[in-house]
Amino acid sequence: MPTSCFFRTSTALSSDVSVRPVSSPCQTEGEVVAIAQAGAGVFWLELALPLLPMSPMAGQFAMVGFKDTQDPLLNRPLSIASFEAGSTGCRVGFLVAIRGKGTKRLAEARQGLKLRVIMPMGQSFLRYIGPGQRRVIAVAGGVGVAPMVLLGRQIKEVSPEADFLLLYGARTKAELTKRHLGLADGLYVATEDGSEGFKGRVTELFEAERTLLLEAGRSAKVFACGPLPMLYALNKLAERHRFGLVVSFEGPMGCGMGLCLGCVVENWEGMYVKLCQKGPVMDAKDVDWERLTRSDELRCAGYDFKPA
Amino acid sequence: MTSNRLEVPFLGKTIKNPIAAASGCYGYGLEQPELLPPEAFGVITLKGLSASPKRGNPPPRIAETPCGMLNSIGLENVGIEAFAKNTWPHLRGLGVPIIANFFGDDETEFQKAAQMLSDLEGLFAMELNLSCPNKPQWGSILASDPKVASRLVRSIKPLCRYPLIVKLSPNVASISEVAKACEDSGADALSLINTLLGMAIDVDAKSSKLGTRFGGLSGPSIYPIALRMVSEVSRSVRLPIVGMGGVSSPEDAIGMMLAGASLVGVGTLLLVNPFGVEEIKQGMLAYLDRHGLEKLTGLQGRL
């Protein structure tokens, strides 16, 4: 269910159409060209698509669904982890965690299966990076690493002099998925059981290495994607040490197109805004984190939230 | 669409194709101008509007069910005033007939909404939503009691500058009786069905999967029920019908027309497969070819 939180935004109501989507998505067909286990409960899915009128930007998502069945009916929002355009078509890659009926069936897909794809959608991380950005630190938890892979590749185009560091955490080594994602330079790994890299949470790794990470001063920007408690903990650090934080929320959606009003979250004025269009990437300063942690809606959203 | 083979008459107007965007699944018509252009539809029914803005229900608002989905959006909307100021000027010029769906928490609010919409220039029709999720008890009486429905339609109709379509709820003992009551009270057309009241439980959390206890079921799973109700109502009244409920293929749409619908509404389909509108129109043309028919007019039956 939708990640529920409280955002500060100028939009009065989510159904105010004076706020248009940043990019117009298109609908197409994607053929499964690669599917492989990428870690415990996580798989890598790669689709071949016809040429698209526009390339996705890191942080944007695709709605992916089945053409051959009405059960499951709805498309699933998947963060785009890789994108390559050729002369006749393109390839898009996703890191998918098995969460329910739709993702379970996706995991059982065979090569050659044709899926419905609507993309690119939502706000991206790139809009938060200026040309003079010297350092970008990405903090990822679990499948939250997906948009950071694309970010690592695209960041050089936006800010050639920026260096990109990725802090990537999972509960165990088995849940890390770097083998399929071609992650190498600037990668710092944390596992909660210490089976690889730093022993502890990725936020603890960040805190331990903070002085080193933020050496470039306040111009370092931190981007994060992962479970809500991780984002909450990171925001605490951002407030304490005054660095810029941009977060991407995970959350189920009905249509992803701004039509169903199913993925709404509350803003600072107590109004509902659409996560699919205002998010999933947002400035942490726009989120009312304290209200967020008191919300009953968190329980509904499936989070057993215990602030550290 | 260059051909006029899909043209159908509805409320004194020639509609270029029988596909109607159902209320609540196509926003205010401007959300996805490229992915799902307004021009694809014969008519567009806007998301339900009320005299004052409505916040809607707390999330989670959507739960997937087998071949369908439950929603408890709660008629969130910006209110007619904001709509008239910010959205209507952009919608008007599109050349697609626009139907404004409206509701109220009581009779006075319904009247006020009807008046405010009548002040707009260039609407095609108004669709009265005969159920109210904000006041569920009143909503359920309104939807199911022919006398109450009749009284409301009688009090609204004189305020409407545009043809009045009444949208019927399937959560009633006899939809035909409510349909007849609306016809006798001056409705110009009927649309059916709205969503079926349903529930989904998260057994691990031991709670509703929605932020509210119940929600409205839509999608392919309700199509046979919708078809039966359209068929039933088409034999009970003379009013034109916008048939909807789970339509997701050309066959579904043609079936709706054979059951008695003049126009066919698509809702949940738009959320899942925006290409579906074009697929239905192409499938209808193929059907006409297969059956040696020149035009869609005349296909409408009363099966």
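The values are calculated or read from the model by the stated rules, or taken from the named source; none is laboratory data. Not measured: the values here are computed from a predicted model. When we count neighbours, we look across all protein chains shown, and the Cβ atoms used for this are built from the backbone with ideal geometry, even at glycine. Heavy atoms of the whole protein, side chains included, go into the accessibility calculation; ligands, DNA and RNA do not. Shrake-Rupley method; radii C 1.70, N 1.55, O 1.52, S 1.80 Å.
Observations on the model:
- Compared with the direct C-alpha span, the chain from residue A:193 to residue A:98 gains 32.0 nm at full extension, assuming 0.36 nm per residue.
- Each listed q (0.21, 0.23, 0.26 Å⁻¹) maps to a log10 I(q)/I(0) for the stretch B:46-106 from the Debye sum over equal C-alpha point scatterers, namely -0.89, -0.95, -1.05.
- The residue A:127 and residue B:13 beta-carbon pair, evaluated with R₀ = 51 Å, returns a calculated FRET efficiency of approximately 0.70.
- Shape summary of the stretch A:98-228, radius of gyration then Dmax from alpha carbon positions: 16.3, 49 Å.
- For the stretch B:73-135: relative contact order, % (alpha-carbon pairs under 8 angstrom, 6 or more apart): 41 percent
- Per residue, chain B exposes 37 Å² of solvent-accessible protein surface, assessed with a 1.4 angstrom probe and all protein chains in place.
- Under 9 Å, Cβ to Cβ, from residue B:7 - net charge with Lys/Arg +1 and Asp/Glu -1: +3
- Candidates per GluC sites (Glu not before Pro) in the stretch B:266-303, loop by DSSP, up to 13 other Cβ within 10 Å: B:294
- Mean separation of Cα contacts under 8 Å, 6 or more apart, over the residue count of chain B: relative contact order %: 19 percent
- For the stretch A:143-184, the convex hull drawn through the C-alpha positions has a volume of 71 cubic angstrom per residue.
- In terms of its Cα atoms, the stretch A:92-140 spans 44, 21, 18 Å along the principal axes, sorted from long to short.
- Measuring against 26 Å, Cα to Cα, the residue pairs B:13/B:281; A:278/B:167; A:67/A:173; B:85/B:147 contain A:278/B:167; A:67/A:173; B:85/B:147 as the ones spanning a longer distance.
- Here, the protein assembly as shown is characterised by an Rg to Rh ratio of 1.00, where Rg is the alpha-carbon radius of gyration and Rh the Kirkwood radius.
- Percentage relative contact order, the stretch A:35-144, counting C-alpha pairs under 8 Å, at least six apart: 33 percent
- Taking the Cα centre of chain B as reference, the dipole from Cβ charges on Lys and Arg (+1) and Asp and Glu (-1) amounts to some 480 debye.
- Apportionment of accessible area to carbon and sulfur, the stretch B:1-121, percent (1.4 Å): 49 percent
- Loss of accessible area when A meets B, both sides summed, Å² nearest 100, probe 1.4 Å: 3700 Å²
- Rg/Rh for the stretch B:172-303 stands at 1.05; both radii use Cα atoms, and Rh follows the Kirkwood definition.
- Phi-based couplings in Hz for the stretch B:149-158 (Karplus 6.51, -1.76, 1.60; Gly and Pro marked x): 4, 4, 4, 5, 4, 4, 7, 8, 3, x
- Local electrostatic count, residue B:237, Cβ distance below 13 Å [Lys/Arg +1, Asp/Glu -1]: -1
- Two-site FRET efficiency, residue B:287 against residue B:107, from Cβ-Cβ distance with R₀ of 35 Å, rounded to 0.05: 0.20
- Of the residues making up the stretch A:246-273, those losing 50 Å² or more of accessible area when the isolated chain is joined by the remaining protein chains, with a 1.4 Å probe, are A:257, A:259, A:260, A:261, A:272.
- On the principal axes of its alpha carbon atoms, chain A extends 51, 43, 38 Å, with the longest extent given first.
- Looking at the stretch A:43-114, the trypsin sites (Lys or Arg not before Pro) that sit in a DSSP loop and have at most 10 other Cβ atoms within 10 Å of their own Cβ are A:110.
- Accessible area (Å², per residue) of chain A, counting only protein heavy atoms and a probe of 1.4 Å: 40 Å²
- The mean number of Cβ atoms from other chains found within 10 Å of a Cβ in peptide B:63-74 is 4, as a whole number.
- Cβ charges +1 (Lys, Arg) and -1 (Asp, Glu), total dipole of the protein assembly as shown, debye: 200 debye
- 222 nm mean residue ellipticity, helices alone, for the protein assembly as shown (DSSP H n ≥ 4; -39,500 (n - 2.57); rounded to 500): -7000 deg cm²/dmol
- FRET E, pair residue A:211, residue A:37, Förster distance 41 Å, beta-carbon r, rounded to 0.05: 0.60
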